Structure formats: C-alpha cells, structure tokens
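Asker: Structure in structure tokens, see below.
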Amino acid sequence: MDSEAVVLFDGVCNLCSGAVQFIIRHDPEGYFQFAPLQSEAGRSLLIRHNLANHGTDSIVLIEGERVYIESDAVLRIAKHLSGPWPLFQALGVLPKVARDAAYRYLAENRYRWFGKWEQCMVPTPELRGRFLDMV
C-alpha cells in the first residue's frame, strides 16, 4: 500500500466519524482508506504494527510501513488534504509533547463533548470502497 494510506479511527466516536467525513470531503484523489479501530481490519492492522497493547483508541495513520499516532497523525493527514489544510503542518514546529498533550486532552473528552454512537459508523454505499471492512 505505497500510494495509499489507512486511517484507523474510533468508529463509535461522533468527533472521529465527523473527522473521517471531513477527510473524505477534502481527499478528492482518494488517497486515504479507513477502518474503525473496533473492526477486524482495524484490529489486524494494530496487531501488525505492534499497537494492539499500546492503548491506542483514537486516530492512527498508517502509510506503507510508517505509523503515525496522536498529533503526528493529524498533521500528516492534513498534508494530503485539498484546500488550506496542509498549512496546519506548520504546527509541527511546536514541541511534540505539547501537541500530543493537547491531542490527548481532546481525545479524553471526545465522548463527553461530542457524544458517541451505539455502533460503528456505517458508510454510504458510495463510500464503502474506501473502508477496508467493506471492500
């Protein structure tokens, strides 16, 4: 998967599902594919990249054999989006410890602030091909 990347996300999180929809709208080339962390494909990728016991419960980006988590994943995803979003990479000059602390604060409060679904998001028929468990 050299030319494509996989975004693993919390499939029951409203914020994460909204982020996936945002990425899809700003990814006209279809660079990204998606899988909920809770899915068989998501769990398999976490195991393959030694993240199964890492406690990862929010966005993970896998590009080829490279894995990005927390703020690194968000900035790397922004790099590939259309519009002004690649400019967010400038936040990479901030210390990683500060970026990741802000990311973790949002991640820890995402259910309280944005809510959650009872089950993983189900993509529309037009988008099923972009989701690993749906192909």
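Asker: Looking at (1) closer than 23 Å to D100 by Cβ; (2) touching a helix residue (DSSP H, G or I) at 6+ places or on another chain (Cβ under 6 Å); (3) not in a helix (DSSP H, G or I), can you tell me which one Q33 breaks?
Answerer: Exception for Q33: condition (1).
Asker: Restricting to the stretch 102-121, what's the tally of residues that are out of contact with any strand residue (DSSP E or B) (no Cβ under 9 Å at 6 or more places or on another chain) and modelled with pLDDT under 75?
Answerer: Counting residues in the stretch 102-121 that are out of contact with any strand residue (DSSP E or B) (no Cβ under 9 Å at 6 or more places or on another chain) and modelled with pLDDT under 75 gives 2.
Asker: Still on this model: Is one or more of the residues making up the stretch 26-49 surrounded by fewer than 14 Cβ atoms within 10 Å (Cβ to Cβ), among the β-branched types (V, I, T) and modelled with pLDDT of 85 or more?
Answerer: Looking for residues that are surrounded by fewer than 14 Cβ atoms within 10 Å (Cβ to Cβ), among the β-branched types (V, I, T) and modelled with pLDDT of 85 or more, one finds at least one in the stretch 26-49, hence yes.
Asker: Under 8 Å between Cβ atoms, which residue pairs at least 6 apart in sequence (or on different chains) link something in the stretch 69-93 that is in contact (Cβ under 8 Å) with a residue 12 or more places away in the chain with a partner that is of a type in the set (S, T, N, Q) and in a loop (DSSP other than H, G, I, E, B)?
Answerer: Cβ pairs passing all conditions: I69/T56; E70/S58.
Asker: Oh, and also: Please specify each residue of the stretch 64-88 satisfying the condition of being polar (S, T, N, Q) and exposed (fewer than 14 other Cβ atoms within 10 Å of the Cβ).
Answerer: The answer is S82, and nothing else.
Asker: Is it the case that some residue within the stretch 6-20 is over 18 Å from K116 (Cα atoms) and not hydroxyl-bearing (S, T, Y)?
Answerer: Within the stretch 6-20 (the criterion being over 18 Å from K116 (Cα atoms) and not hydroxyl-bearing (S, T, Y)), the answer is yes, since at least one residue qualifies.
Asker: When V74 is evaluated against the numbered criteria (1) out of contact with any His (no Cβ under 9 Å at 6 or more places or on another chain); (2) at pLDDT below 90, which criterion, by number, is the only one it fails?
Answerer: Result: V74 fails condition (2) only.
One line per residue, one yes/no per condition, for (1) acidic (D, E); (2) more than 16 Å from the chain's Cα centre (by Cα):
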| residue | (1), (2) |
| --- | --- |
| V7 | no, no |
| L15 | no, no |
| Y31 | no, no |
| I59 | no, no |
| E63 | yes, no |
| V74 | no, no |
| P95 | no, yes |
| L106 | no, no |
| N109 | no, yes |
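The values are calculated or read from the model by the stated rules, or taken from the named source; none is laboratory data. All figures in this text were calculated on a predicted structure; none of them were measured in a lab. Cβ: placed from backbone, ideal geometry, glycine included. Neighbour counts: every protein chain shown.
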